[in-house]
Amino acid sequence: MSATIKDVARLSNVSIATVSKYLNGGNVKEENRINIENAIDKLDYRVNNFARSLKINRAMTIGIVVDSITNTFYTGIISVIEEFLNEKGYASIVCETKENDDIRRKRMDFLLRKGVDGFIIFTTNISADFLDYYIKKGAAIVVVDSIADGVDCDFVTSDNISGAYQATEHFILKGHKKIA
């Protein structure tokens, strides 16, 4: 039989609430943290993520929907996102769409059925209607590398025109004459 949070609390000589606080990333006394970690190791305790998600009404999972997993710009950002999610106790499911709206819809419907807590969408082209459809279903969405006007979600993008201007200005100030 698998170890429970009660077993960890008993072996580490702390309350169930203290173990729960530790497991959820809260601050606990150093001595308690050490005792809890030792108990977890000794009991080979594993959090039951399914039971946890039912209790807290969150899957602790983010759906990452990307046009192309071979796009190094996207994969570089996804790598950092993965690291951050891991630190916060979240996981991700990455789905590739090959820049196809039908595939994107199928992947996002799949992720919704899996109960993801939100979406991070990497694309250069997405319609307001597409995003609104999922927002109306209650989906939390962040779009990277594209903007759809009039949509109530977050967007992360760069200003290519300003960036090009600043780069050109930098080269001119450095005395460069041939700028391609």
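Here, each number is a calculation from the coordinates, and none is a lab measurement. Note that the structure is a prediction, hence the values are computed from the model and not measured. Cβ coordinates were reconstructed from backbone atoms using ideal geometry, including for glycine residues, and neighbour counts include every protein chain displayed.
Summary of computed values
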read-out	value
Kirkwood-based shape ratio for the range 5-47, expressed as Rg/Rh from alpha carbons	0.89
Extension gain (nm, one decimal) between Gln166 and Lys29, 0.36 nm per residue minus Cα-Cα	44.4 nm
Net charge, Gly76 excluded, C-beta distance under 14 Å - Lys, Arg +1, Asp, Glu -1	-3
Built amide H within the under 5 Å cut-off of Ala3, gap 5+	Arg46
Other-chain or far-sequence residues with amide H under 5 Å of Phe122's (modelled H)	Val65, Val66, Asp67, Val144
Highest-fluctuation residue, Ala139, Ala148, Ala128 considered, GNM on the chain with Cα pairs under 10 Å	Ala128
Segment Asn100-Ser79, length gained on full extension (0.36 nm per residue, minus Cα span)	5.3 nm
Exposure proxy ranking, count of Cβ atoms within 10 Å, fewest first, for Asp109, Asp159	Asp159, Asp109
Highest-MSF residue in the chain out of Lys29, Lys106, Lys137 [GNM, Cα springs under 10 Å]	Lys29
Ratio of Rg to Rh over the chain (Cα coordinates, Kirkwood Rh, two decimals)	1.14
Dipole of the chain, positive end: most advanced residue of Phe155, Leu131, Met1 [Cβ charges, Cα centre]	Met1
Radius 15 Å from Cβ of Asn125, net charge of other residues (Lys, Arg +1; Asp, Glu -1)	-4
Amide hydrogen neighbours beyond the local backbone of Ala91, cut-off 5 Å, H modeled	Thr61, Ile62
Cα centre as origin, Lys/Arg/Asp/Glu Cβ charges: the chain dipole, Debye	580
Lysine pairs within the range 1-156, Cα separation less than 18 Å, 8 or more sequence positions apart or different chains	14
